[in-house]
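Worksheet: the structure to be examined is printed underneath.
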Number of protein chains: 2
Amino acid sequence: MSTDITIYDIAKNFNVSPSTVSRALKGHKSISKKRTQEIQAYAREKGFQVNSVAAKLRTQKTHTLGVVVTWINQPFFASLISGIESVAQEHGFHVIISQTHDQHDLEVQVVNNLFNSRVDGIIISLAIETESFAHLEQFKNRNVPLVFVDRVPSAFKGDKVIIDNFQSAFIATEHLIKQGYKRIGHITATGKLIFKQRLDGYKAALNKYGLDIDESIIASAPSLSEENSLAIARKLLTQENRPDAIFAAIDSTAVITIQLAKEMGLNVPNDLGVVGFNNDPISSVVDPQLTTISQPPVLMGKIAAEHVLNNKEHMSEVITLDTELIVRGSSVRLTEGNSNGKDLSSKQFSSQDMGQ
Amino acid sequence: MSTDITIYDIAKNFNVSPSTVSRALKGHKSISKKRTQEIQAYAREKGFQVNSVAAKLRTQKTHTLGVVVTWINQPFFASLISGIESVAQEHGFHVIISQTHDQHDLEVQVVNNLFNSRVDGIIISLAIETESFAHLEQFKNRNVPLVFVDRVPSAFKGDKVIIDNFQSAFIATEHLIKQGYKRIGHITATGKLIFKQRLDGYKAALNKYGLDIDESIIASAPSLSEENSLAIARKLLTQENRPDAIFAAIDSTAVITIQLAKEMGLNVPNDLGVVGFNNDPISSVVDPQLTTISQPPVLMGKIAAEHVLNNKEHMSEVITLDTELIVRGSSVRLTEGNSNGKDLSSKQFSSQDMGQ
DNA sequence: AGATATTGAACAATCGATTGCGTAAATTGC
DNA sequence: GCAATTTACGCAATCGATTGTTCAATATCT
């Protein structure tokens, strides 16, 4: 139970003032080389480590980033955080993570806690589309950089790192149309802007190609949990005049749809085309592999972090990252005489070594 | 750019001392009801929030937990962290996350940073099995609770939350043996204790049932990245006298093995049985679904967090959580006349709502 | 040699909340 | 009515590092 050594202890040892020690330890030029060296040597020997809490109080800089997401253990957010943490670490910053579990009141609470902890920046993906931003305003007042990621507010100014959900959904839907699917359904979640945008992109594509928008094959739930996804997929696939393709707003729902279709004896992609969104790991594991929109979560995290850390002028900037349609077996109808879709399996290795 | 309001500002307003304000704000009984109420009301009105950095310095408690993992964006760790954060939040604690990217020197660095930040507890899954624990000793010296999770050191005392890797691997291997597989290979990683234990469990099962241990069908790499896994799987499956089953030390490797086998025209499970480890989301998505060992990462995180937070007496306690063999299609040979394995598909919903 | 410039380090305030101790005023007890 | 409590609050130190300012001791220059 050794008590920590402080600059005062070191100062006493050399009969100098704490200020001299503080300066010597960081190589300030106003301290002689001899003193600097002997103090640093002594500090190393005694295992001195600065008390960064004290330093934080004095300098009013915590070198800490707050990150707020709904669930850490969703692949997208896990990768986002991984990217943020990597960049933060390079800059000597810590990362505090909070989950909102998609509840607005929890979001308010954790955001306030981060505010009290004097984080030097905050990156947030909103829980719920809301009109109350009081908990976020305070950061602006204190001039703390605030960056929204993925689920951004429409009615609040600030830096945003996003993808073009409308355009991506448009491309995904267009792909299905070009593959010859005629009745393309959509499964989505309610209440969040990104899903609204994906829905709009889907509808725009149908419109462009003169296909009807049939509300009976568009279904949604407050959250796309496994249970909800399965229930919705079952409803769509078992109804009369069922869709011949599904564009799901997230991969997990698309995968569940594929699994259900196979269970029902439907062939994917011949009887049912499926496209997802995210390019989660599961998308290249399901059979047939899932056509999906790839967005770069690690990169989004890195960019968001860079942005928070380099926040010189706080103009509201919106950074839109490119997505990519990854075409795999689930949406490309097989030609005659080609009985498997393996030729379409697009193997992709992530740029990051995920080996355990 | 409003500057923050402090207890001194409030004190001035009421012509009382800061100590009175401080006490009033937390309802200390030595302050009269009237004062307490008016001060609290005023504080609320002015949007006062305690500067927790100052409080931390004074009280020497940061109410912060440090978490160190190799990669945040591995499903196991993402869930682990999610569990930790949930519990921490309930207790009013923050969680700082750091990644080591499996590098020992990075681990030393981030651990030291957490130490300097005066975290009130630390939960760590080691990067590399090592003999140097100086960076961890300091926590003991300062009496900071330290809990190891998953990848724990063999040569360092401390609380540990783990699963029985040996026993789990034994059960997994035994399952393959009982299914009638005769040449069971193993794919694993080198240099980490948990993998050594799984290897030992595998060998013990073979021994018990009188099967040879054939080093030519046991293969490993420093890390089980996708590239490495694929290379190893290919080597095993293409060699003469190839194994008729593979027990892979992690799910992602098992999935890659299944995909490769299918590409090679092998039927899983008839020509090749496969068992994985972790019960990652991909395991129930691959076709056939993967038999695997389920360990409870969210629960592990919660228990580790509870343990750190309630650290009364610091005796070294080892908590071993149960695992479960989840039998799915990849390891159960089909009976005649049963042309699909769907009857074996074991649908499982995680206890946590993962809907986006 | 005298004046000026430079070096090296001490002083003291500061960041904002917390808390042990002391004390005047108000209340209670007899 | 006076001592004994109790109530309500102020004082001042403290947590440990940082930093603007000051100042004495050398060093440099004409």
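The values are calculated or read from the model by the stated rules, or taken from the named source; none is laboratory data. In this text, all values refer to a predicted model and were calculated from it rather than measured experimentally. Here Cβ is always computed from backbone atoms with ideal geometry, including for glycine, and neighbour counts include all displayed protein chains. Just the protein is used for accessible areas: all its heavy atoms, side chains included, with ligands, DNA and RNA removed. Shrake-Rupley method; radii C 1.70, N 1.55, O 1.52, S 1.80 Å.
All conditions but one from (1) in a loop (DSSP other than H, G, I, E, B); (2) of a type in the set (Val, Ile, Thr); (3) at pLDDT 95 or above apply to A:Thr3; the one that does not is (3). Considering the range B:23-37, the residues that are within 8 Å of DNA strand D (Cβ to nearest atom) and of a type in the set (Gly, Ala, Ser) include one that is nearest to the other protein chains (Cβ to nearest Cβ), namely B:Ala24.
Working carefully through the options B:Phe156, B:Phe148, find the one that is over 17 Å from the mean Cα position of the chain (by Cα) and surrounded by 17 or more Cβ atoms within 10 Å (Cβ to Cβ).
Of the residues listed, the single one that is over 17 Å from the mean Cα position of the chain (by Cα) and surrounded by 17 or more Cβ atoms within 10 Å (Cβ to Cβ) is B:Phe156.
Quick check on my filter: what residues within the range A:288-326 are open to solvent by 30 Å² or more (accessible area, probe 1.4 Å) and closer than 20 Å to B:Val255 by Cα? Across the range A:288-326, there are no qualifying residues. Figure legend. Inter-residue proximity from the range B:1-21: first residues without any contact (Cβ under 8 Å) to a residue 60 or more places away in the chain, second residues open to solvent by 60 Å² or more (accessible area, probe 1.4 Å) and more than 14 Å from DNA strand D (Cβ to nearest atom), beta-carbon distance below 8 Å, spacing 6+ or different chains. Indicated pairs: B:Met1/A:Asn141; B:Met1/A:Asn143; B:Ser2/A:Asn141; B:Ile5/B:Lys46; B:Asp9/B:Lys46; B:Ile10/B:Lys46. Report yes if some residue within the range B:248-263 is surrounded by 24 or more Cβ atoms within 10 Å (Cβ to Cβ) and touching a Pro at 6+ places or on another chain (Cβ under 6 Å); otherwise report no. Within the range B:248-263, none of the residues are surrounded by 24 or more Cβ atoms within 10 Å (Cβ to Cβ) and touching a Pro at 6+ places or on another chain (Cβ under 6 Å).
Tallying residues that are open to solvent by 30 Å² or more (accessible area, probe 1.4 Å) and farther than 14 Å from B:Lys61 by Cα within the range B:107-123 yields 4.
So that you can scan it fast, the table gives a plain yes or no per residue for (1) at pLDDT 95 or above; (2) assigned by TED's automatic domain parsing to the domain that holds A:Asn73; (3) under 15 Å from A:Ile171 (Cβ atoms); (4) charged (D, E, K, R):
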position	(1), (2), (3), (4)
A:Thr190	no, no, no, no
A:Lys203	yes, no, yes, yes
A:Tyr209	yes, no, yes, no
A:Ile213	yes, no, no, no
A:Ser229	yes, no, no, no
A:Ile232	yes, no, no, no
A:Leu236	yes, no, no, no
A:Arg242	yes, no, no, yes
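A:Gln74 fulfils the conditions (1) over 27 Å from B:Val50 (Cβ atoms); (2) within 16 Å of DNA strand C (Cβ to nearest atom); (3) open to solvent by less than 70 Å² (accessible area, probe 1.4 Å) except for a single criterion, (2). What number of residues within the range B:129-141 are in contact (Cβ under 8 Å) with a residue 24 or more places away in the chain and in contact with a Ser or Thr (Cβ under 8 Å, 6 or more places away or on another chain)? Qualifying residue count for the region: 1.
Among the residues of the range B:204-238, what is the count of those that are open to solvent by less than 50 Å² (accessible area, probe 1.4 Å) and either within 13 Å of another protein chain (Cβ to nearest Cβ) or not β-branched (Val, Ile, Thr) (or both)? Show your work before the answer.
Pass one, the range B:204-238, residues open to solvent by less than 50 Å² (accessible area, probe 1.4 Å): B:204-206, B:211, B:214, B:217-219, B:221, B:223-225, B:229-230, B:232-233, B:236-237.
Applying the additional criterion that residues be either within 13 Å of another protein chain (Cβ to nearest Cβ) or not β-branched (Val, Ile, Thr) (or both) yields B:204-206, B:211, B:214, B:219, B:221, B:223-225, B:229-230, B:232-233, B:236-237.
Residues that pass the stated criteria total 16.
Could you list, in sequence order, the residues of the range A:124-143 that are within 14 Å of chain B (Cβ to nearest Cβ) and open to solvent by less than 20 Å² (accessible area, probe 1.4 Å)? Reasoning before the result, please.
Filtering the range A:124-143 down to residues within 14 Å of chain B (Cβ to nearest Cβ) leaves A:125-129, A:134-143.
Once the filter is applied, which keeps residues that are within 14 Å of chain B (Cβ to nearest Cβ) and open to solvent by less than 20 Å² (accessible area, probe 1.4 Å), the range A:124-143 yields A:Ser125, A:Leu126, A:Ala127, A:His135, A:Leu136, A:Phe139.
Quick check on B:Tyr8: is it more than 7 Å from DNA strand C (Cβ to nearest atom) and open to solvent by 40 Å² or more (accessible area, probe 1.4 Å)? No.
Does the range B:49-67 hold any residues that are more than 8 Å from chain A (Cβ to nearest Cβ), surrounded by fewer than 23 Cβ atoms within 10 Å (Cβ to Cβ) and more than 12 Å from DNA strand D (Cβ to nearest atom), and which are they?
Narrowing the range B:49-67 to residues more than 8 Å from chain A (Cβ to nearest Cβ): B:55, B:58-61, B:63, B:65-67.
Okay, now just the ones that are also surrounded by fewer than 23 Cβ atoms within 10 Å (Cβ to Cβ), so B:55, B:58-61, B:63.
Residue satisfying the conditions is B:His63 alone.
What about A:Val108, is it within 20 Å of B:Gly47 (Cβ to Cβ), more than 9 Å from every other protein chain (Cβ to nearest Cβ) and within 16 Å of DNA strand C (Cβ to nearest atom)? In short, no. Count of the range A:2-16 residues, restricted to those that are more than 7 Å from DNA strand D (Cβ to nearest atom) and more than 14 Å from every other protein chain (Cβ to nearest Cβ), is 8. Selection over the range A:11-48 of residues that are near DNA strand C (Cβ under 8 Å from one of its atoms), of a type outside the set (D, E, K, R) and open to solvent by 50 Å² or more (accessible area, probe 1.4 Å) gives a count of 4.
Out of A:Gln138, A:Gln103, A:Gln109, A:Gln74, one residue alone is under 20 Å from A:Leu321 (Cβ atoms) and either modelled with pLDDT of 95 or more or out of contact with any Leu (no Cβ under 8 Å at 6 or more places or on another chain) (or both). It is A:Gln74.
Annotation: A:Gly121 fulfils all but one of (1) within 21 Å of the chain's Cα centre (by Cα); (2) within 14 Å of another protein chain (Cβ to nearest Cβ); (3) under 18 Å from A:Val67 (Cα atoms); the unmet one is (2).
Among residues that are hydrophobic (A, V, I, L, M, F, W, C) and under 17 Å from A:Arg198 (Cβ atoms), A:Val119 is not included. If you go through the range B:164-199 and keep only what is of a type outside the set (Val, Ile, Thr), open to solvent by 60 Å² or more (accessible area, probe 1.4 Å) and not in a helix (DSSP H, G or I), you end up with B:Asp164, B:Gln179, B:Lys182.
Can A:Glu85 be described as in contact with a strand residue (DSSP E or B) (Cβ under 8 Å, 6 or more places away or on another chain) and of a type in the set (D, E, K, R)? Don't jump to the end; show me each part of the working.
Working: in contact with a strand residue (DSSP E or B) (Cβ under 8 Å, 6 or more places away or on another chain): yes; of a type in the set (D, E, K, R): yes.
Yes: the conditions hold for A:Glu85.
Among the residues of the range A:75-90, is any at positive phi and either touching a residue at least 40 places away in the same chain (Cβ under 8 Å) or within 12 Å of DNA strand D (Cβ to nearest atom) (or both)? Looking for residues that are at positive phi and either touching a residue at least 40 places away in the same chain (Cβ under 8 Å) or within 12 Å of DNA strand D (Cβ to nearest atom) (or both), one finds none in the range A:75-90, hence no. Consider the range A:38-48 and keep the residues that are touching a residue at least 12 places away in the same chain (Cβ under 8 Å) and of a type in the set (A, V, I, L, M). The one that is nearest to DNA strand D (Cβ to nearest atom) is A:Ala43.
Open to solvent by less than 20 Å² (accessible area, probe 1.4 Å), outside the structural domain of A:Ile84 (by TED's automatic domain parsing), among the aliphatic types (A, V, I, L, M) and touching a helix residue (DSSP H, G or I) at 6+ places or on another chain (Cβ under 8 Å): which single residue out of A:Val332, A:Val285 fits that description? Spell out the reasoning first.
Details: A:Val332 fails: open to solvent by less than 20 Å² (accessible area, probe 1.4 Å).
One residue alone meets the criteria, A:Val285.
The set of residues from the range B:89-101 being more than 9 Å from chain A (Cβ to nearest Cβ) and open to solvent by less than 10 Å² (accessible area, probe 1.4 Å) comprises just one member, B:Thr100.
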